[in-house]
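The values are calculated or read from the model by the stated rules, or taken from the named source; none is laboratory data. All values reported here derive from a predicted model rather than from experimental measurement. With ideal geometry, Cβ positions are generated from the backbone for all residues, glycine too; neighbour counts draw on all protein chains shown. To get the accessible areas, we keep the full protein, side chains included, count just its heavy atoms, and leave off ligands, DNA and RNA. Shrake-Rupley method; radii C 1.70, N 1.55, O 1.52, S 1.80 Å.
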Amino acid sequence: MNFDEIIERRGTHSAKWDMMDKLYNVPADTGISMWVADMDFRPPACVQNALKDMLDHGVYGYFGDDRAYKEAIRWWMANRHGWEIEGDAILTAHGLVNGTALCVQTFTQPGEGVAVMAPVYHAFGKVVKGSGRRLVELPLKLEAGRLEMDFAAWDAMIDPGTKMLILCSPHNPGGRVWTVEELRGVAEFCKRHDLILVSDEIHHDLVFGGAQHTVMTKAAPEALDRTIVMTATTKTFNIAGGHTGNIIIPDPALRKRVADTLWGLGISGNSFGLVMATAAYSPEGAEWVDALVAYLDGNRKLFDEGVNAIPGVKSMPLEATYLAWVDFSGTGMAPEEFIRRVEQEAGIAANHGATFGAGGESFLRFNLATPRARVAEAVARLQKAFGDLQ
């Protein structure tokens, strides 16, 4: 659990580190990569050992007998989230972007609307548009530096051709942990407009302070007939390359429709991802996550203190995820200018807020899941790049 170790990722086919020069024009040799959401930490030893056992065995055939895998998921959800599920409720996708696409293709038709709460994780929009569906952006309100839902406004925006709502819970990029009351409001909104509700809860293990994540089906059990919950080990344990995610559907009729889509597309589990997930969802994995969250919380505090000291710059209070959502509107600068300073003067690759949809134009998203010394260096560079505002 040495999260302070600097692990060289350049030259390892890392999207995060080997693509920042091409995508952000940030020098590969001196730049700090803080964009795509994976961590610069090794996963727990239980995951590494499970992979070593596979390598030592040396035969990499099709995966079968997923009872241990599903039992590990059931154990984790019960012990970490107080959520009792049946093994039959769990379907496996190649990650949650794939899971989102499967749900969109199962429950909507080309030309129909799929709603998201903007700004939100950019892959949702790519999946919706790439599937030939219509993206409906429901704007979140920014109140006192915090994102809030606005059901009254949204009721007026939804048309009969919209068939699905994708919820990001906890929210990426805003870092909000939605309250039980807010989640119940989402369920009621979906009932009013007859929407399938897909709740992406991939960041549910990475919650700080007094915030408490609640699984959507626990918040609104009366909405089981329209609710799909997606979870994964990938963000929690930094094993996104295993491309394995869970589509958990308690309602048998809904589940059969998604299962038919999986079969129709010939999708089955990746043996490496399934083995890693089974090992991660364990007491040893839980101990590692507790240490990780404490470390990320320290990074969050360090980053926020340093960035918020820059006049006109404000990091949104982070309740969950390791992704800081930073507002530069107070500087009076156009996005082109503050982006130039971050990328060219500070040498930091961060996600452009506009890619997250309406309401993100004045923001950048910074990935804080990296050794603390690197976070401190990033803060120092940002303060220098905006030094004329001091």
- Where trypsin sites (Lys or Arg not before Pro) fall in DSSP loop in region 1-46, at most 11 other Cβ within 10 Å: none
- Task: Would you kindly find the accessible area of Asp66, with a 1.4 Å probe and non-protein molecules such as ligands, DNA and RNA excluded, rounding to the nearest 10 Å²?
- Result: 60 Å²
- Message: Give me a comma-separated list of calculated 3J(HN,Hα) values for region 136-144, in order, Karplus coefficients 6.51, -1.76, 1.60 applied at θ = phi - 60°, integers in Hz, x for any Gly or Pro.
- Response: 10, 8, 9, x, 6, 8, 9, 10, 6
- Could you check the simple spin-label distance between Ser271 and Leu142, using points 7 Å along Cα→Cβ, in nm with one decimal? 5.0 nm
- Among (1) 2.09; (2) 0.97; (3) 1.04, the entry that matches Cα Rg over 2.2 N^0.38 Å as calculated here: (2)
- Query: What is the distance in Å between the Cα centres of region 31-88 and region 334-353?
  - Reply: 35 Å
- Query: Roughly how many whole Å is it from the C-alpha centroid of region 169-209 to that of region 94-130?
  - Reply: 16 Å
- Within the chain, the percent of DSSP beta bridges that are antiparallel, given to the nearest 5, stands at 50 percent
- Report the full-extension gain for the segment Asp194 to Asn308: residue separation times 0.36 nm, less the Cα-Cα distance, to one decimal in nm. 36.8 nm
- Task: Have a look at region 336-377 and give its Rg and Dmax from the Cα atoms, expressed in angstrom.
- Result: 11.4, 33
- Message: What does the charge count around Ala349 come to, taking other residues whose C-beta lies under 9 Å from its C-beta (Lys +1, Arg +1, Asp -1, Glu -1)?
- Response: -1
- Could you size up the charge dipole of region 267-390 around its Cα centre, putting +1 on the beta carbon of Lys and Arg and -1 on that of Asp and Glu, and report it in debye to the nearest 20? 180 debye
- Summed residue charge, Cβ within 14 Å of Asp388's Cβ, Lys/Arg positive, Asp/Glu negative: +1
- Loop chymotrypsin sites (Phe, Trp or Tyr not before Pro), region 61-143 (other Cβ atoms within 10 Å of the site Cβ: 12 or fewer; DSSP): Tyr62
- Query: How much length is gained on full extension from Met157 to Val180, taking 0.36 nm per residue of separation minus their Cα-Cα distance?
  - Reply: 5.9 nm
- Task: Could you list, in their original order, any pairs among Lys191/Lys218; Lys70/Lys256; Lys129/Lys256; Lys141/Lys235; Lys22/Lys314 whose Cα atoms are separated by more than 21 Å?
- Result: Lys129/Lys256; Lys141/Lys235; Lys22/Lys314
- Query: With a ≥ b ≥ c the root eigenvalues of the C-alpha gyration tensor of region 22-137, is it rounded (a/c under 1.5), prolate (a/b larger than b/c) or oblate?
  - Reply: oblate
